[in-house]
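The values are calculated or read from the model by the stated rules, or taken from the named source; none is laboratory data. Being a predicted model, the structure only gives us computed values, none of them experimental. FYI the Cβ positions are ideal-geometry reconstructions off the backbone, even for glycines, and counts take in every protein chain you see. We work out accessible area using only protein heavy atoms, side chains counted, and drop any ligands, DNA or RNA first. Shrake-Rupley method; radii C 1.70, N 1.55, O 1.52, S 1.80 Å.
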Amino acid sequence: MKTVLRKLGIQATENGAGTGDPVRCHGRLLEVRSPIHGKIIGKVRLADKNDYETVIRRAVDAFASWKNMPAPKRGEIVRQIGLALREKKQDLGTLVSLEVGKIRVEGEGEVQEAIDMADFAVGQSRMLYGLSMQSERPRHRMLEQWLPLGPVGVITAFNFPVAVWSWNALISLVCGDTVIWKPSSKAPLTAIAIMKTAREVLQANDLPEGILNWVVGDREDVGEALINDPRIPLISATGSVAMGRHVSQTVSRRLGKTLLELGGNNAVIVTAKADLDLAVPAIVFGAVGTAGQRCTTTRRVIAQKAIYDDLVRRLAAAYRQIPIGDPLKSGTLMGPLIDVQAVETMQAALSRIKKQGGRILYGGEILSGKGFAAGTYVTPCLCEISPEAPIVSEETFAPVLYLIRYESFDEALRYQNSVPQGLSSAVFTTDLREAELFLSPEGSDCGIANVNVGTSGAEIGGAFGGEKETGGGRESGSDAWKAYMRRQTCTINWGTELPLAQGIRFEPV
């Protein structure tokens, strides 16, 4: 552990803010504990309101010059950041595992996602396309262009301490924006290590401070200041629905923009014509990957009654074989929850499941003894329950999988779409009509809809996000870059007369 922290430049006590070089902070001291063993792995001096102000001023100042750099040259800087991340992939992946409990391959996979995102952003830097439009007036030309927006605030959750930052920050950079990152206080060391890696690139290119910034602090000192700040035209926030509502209401009061990635309550429909050899591993990975703490975690399986018993038998057999333990050890497939509070939340949910008529088929126990002393390890849980049970409509951020029977495919779609969230969804079927219905306007109401692919593990090339209480935002691929720029419609008169639109005539005396 100490070797990894040293290689990444993490000191025993770090400052919780920086604009390239660290900002000397004056808030309380935060102890960072690993969910693997409960031991302190580092300390962070949090930023206070004055430290926050230092960061914002530098981000605003840097925007004045960064926005004028040609976009392909900004892309070159992002390319170099991607290379720097690639060089430190293994160490950064290990730090992700240490700090949030992901198994090592998931930790390294998340860093790889940031590397891939850098490659994507480099290409995007030459494709910030506008439009040319036909004017109704003679000798006039109309066009639409996209311009840098300003300093962008990025708020991320603990479960993806690298990837979500990269979706936002690397696209923001090629768009000409500066970035202020507020990472989760449950994963500050990973954020600081990423920022130190990026700082090396920025300094090697003689770029000013303030282009990439971070600030870790308490909600009142930093969080509220960030979302209330009129100098920040866009806040991209990932987290709970309650947090998203507050961010949206606060930012909208000052007429700012938000990009929200909130709750997920993702379902897999398994039809009578499904290939169960495909469906079972997809469901298991989707349900227990990151210990059930992904926004795209599979939380509901809606199975046709003809194959329901067989599917449940296969899932239970697979769950019994999942190696649970130290995520840094080879062979482990499920590590700990983020903290003891998360375990308590899961146990409270299991009690509610029973009160609402559900039945625990497997798992849900808190593990103790050698290797589990931190109190953060559990067995993943299979629950049989009615789709009408109130708890089924909620997102429990833990490895709890609800099993639901259905008869008709229309019934399955109704069950899937009946929850308030609308992030990811999947159907397993070999029937073309079922697959096409699932993808039609009558089908899934989610932002992500997959056929014979699980709910978890989206690729960066597609826009990521969902509908309803998931927030409606889109990050990463496709045309998501437009959220980080401002649209401008331009009209150019290259003639000698001044005709008006809509045939209006105005001839002053």
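Can you pull out the residues in segment 166-197 that are open to solvent by less than 10 Å² (accessible area, probe 1.4 Å), touching a helix residue (DSSP H, G or I) at 6+ places or on another chain (Cβ under 7 Å), over 15 Å from Val44 (Cβ atoms) and not in a loop (DSSP other than H, G, I, E, B)?
Hits for segment 166-197 are Ser166, Leu170, Ile171, Ser172, Leu173, Val174, Cys175, Val179, Ile180, Thr197.
Could you please find all residues in segment 130-177 being among the hydroxyl-bearing types (Ser, Thr, Tyr) and in contact with a Phe, Trp or Tyr (Cβ under 8 Å, 6 or more places away or on another chain)?
Matches in segment 130-177: Thr156, Ser172.
Scan Leu276, Leu226 and give me the residue that is over 14 Å from the mean Cα position of the chain (by Cα), buried (at least 23 other Cβ atoms within 10 Å of the Cβ) and either modelled with pLDDT of 95 or more or under 30 Å from Ala306 (Cβ atoms) (or both).
The match here is Leu226.
Given the conditions (1) of a type outside the set (Phe, Trp, Tyr); (2) more than 21 Å from Gln145 (Cα to Cα); (3) more than 15 Å from the chain's Cα centre (by Cα), report the number of the one that Ser456 does not fulfil.
Of everything listed in (1) of a type outside the set (Phe, Trp, Tyr); (2) more than 21 Å from Gln145 (Cα to Cα); (3) more than 15 Å from the chain's Cα centre (by Cα), Ser456 misses just condition (3).
Here is a list of conditions, (1) part of a strand (DSSP E or B); (2) out of contact with any Lys or Arg (no Cβ under 6 Å at 6 or more places or on another chain), and Glu434 meets all of them except one; can you say which number that is?
(1)
Can you tell which of Gly107, Gly82, Gly101, Gly130 is open to solvent by less than 60 Å² (accessible area, probe 1.4 Å), in contact with a strand residue (DSSP E or B) (Cβ under 7 Å, 6 or more places away or on another chain) and not hydroxyl-bearing (Ser, Thr, Tyr)?
Going through Gly107, Gly82, Gly101, Gly130 in turn, the sole match is Gly130.
When the residues of segment 28-68 are narrowed to those that are of a type in the set (A, V, I, L, M, F, W, C) and part of a loop (DSSP other than H, G, I, E, B), which ends up farthest from Asn159 (Cα to Cα)?
Ala47
Under 9 Å between Cβ atoms, which residue pairs at least 6 apart in sequence (or on different chains) link something in segment 219-230 that is without any contact (Cβ under 8 Å) to a residue 60 or more places away in the chain with a partner that is open to solvent by 40 Å² or more (accessible area, probe 1.4 Å) and part of a helix (DSSP H, G or I)?
Partner pairs satisfying both residue conditions: Glu220/Lys49; Asn228/Arg253.
Filter segment 390-412 for residues that are open to solvent by 10 Å² or more (accessible area, probe 1.4 Å) and in contact (Cβ under 8 Å) with a residue 60 or more places away in the chain and give the result.
Ser393, Glu394, Glu395, Thr396, Phe397, Arg405, Glu407, Phe409
Suppose the filter is among the hydrophobic types (A, V, I, L, M, F, W, C), open to solvent by 10 Å² or more (accessible area, probe 1.4 Å) and within 23 Å of the chain's Cα centre (by Cα); does Leu30 pass it?
no
Within segment 375-389, track down each residue that is open to solvent by 20 Å² or more (accessible area, probe 1.4 Å) and within 14 Å of Ile338 (Cα to Cα).
Hit for segment 375-389 is Gly375, nothing else.
I'd like the full set of residues that are closer than 20 Å to Phe438 by Cα, assigned to a strand (DSSP E or B) and open to solvent by 70 Å² or more (accessible area, probe 1.4 Å), limited to segment 450-501.
Those that are closer than 20 Å to Phe438 by Cα, assigned to a strand (DSSP E or B) and open to solvent by 70 Å² or more (accessible area, probe 1.4 Å): Glu467, Lys468.
Quick one: in segment 198-221, of everything that is assigned to a helix (DSSP H, G or I) and among the hydrophobic types (A, V, I, L, M, F, W, C), which residue is surrounded by the most Cβ atoms within 10 Å (Cβ to Cβ)?
Ala198
Checking Ala342 against (1) in a loop (DSSP other than H, G, I, E, B); (2) open to solvent by less than 20 Å² (accessible area, probe 1.4 Å): exactly one of these is not met. Which one?
Tallying (1) in a loop (DSSP other than H, G, I, E, B); (2) open to solvent by less than 20 Å² (accessible area, probe 1.4 Å), Ala342 fails exactly one: (1).
State whether one or more residues within segment 243-257 are more than 28 Å from Gly473 (Cα to Cα), in a loop (DSSP other than H, G, I, E, B) and of a type in the set (A, V, I, L, M).
Looking for residues that are more than 28 Å from Gly473 (Cα to Cα), in a loop (DSSP other than H, G, I, E, B) and of a type in the set (A, V, I, L, M), one finds none in segment 243-257, hence no.
Within segment 247-273, how many residues are touching a strand residue (DSSP E or B) at 6+ places or on another chain (Cβ under 9 Å) and open to solvent by 20 Å² or more (accessible area, probe 1.4 Å)?
Total satisfying the criteria: 7.
Taking segment 265-293 as the search range and keeping residues that are out of contact with any Phe, Trp or Tyr (no Cβ under 8 Å at 6 or more places or on another chain) and not in a helix (DSSP H, G or I), which one is nearest to Ser456 (Cα to Cα)?
Filtering first and then ranking leaves Asn266.
Among the listed residues Gln11, Gln90, which satisfies the condition of being open to solvent by 70 Å² or more (accessible area, probe 1.4 Å), closer than 30 Å to Gly371 by Cβ and over 25 Å from the mean Cα position of the chain (by Cα)?
Step by step, each of Gln11, Gln90 is checked, and only Gln11 is open to solvent by 70 Å² or more (accessible area, probe 1.4 Å), closer than 30 Å to Gly371 by Cβ and over 25 Å from the mean Cα position of the chain (by Cα).
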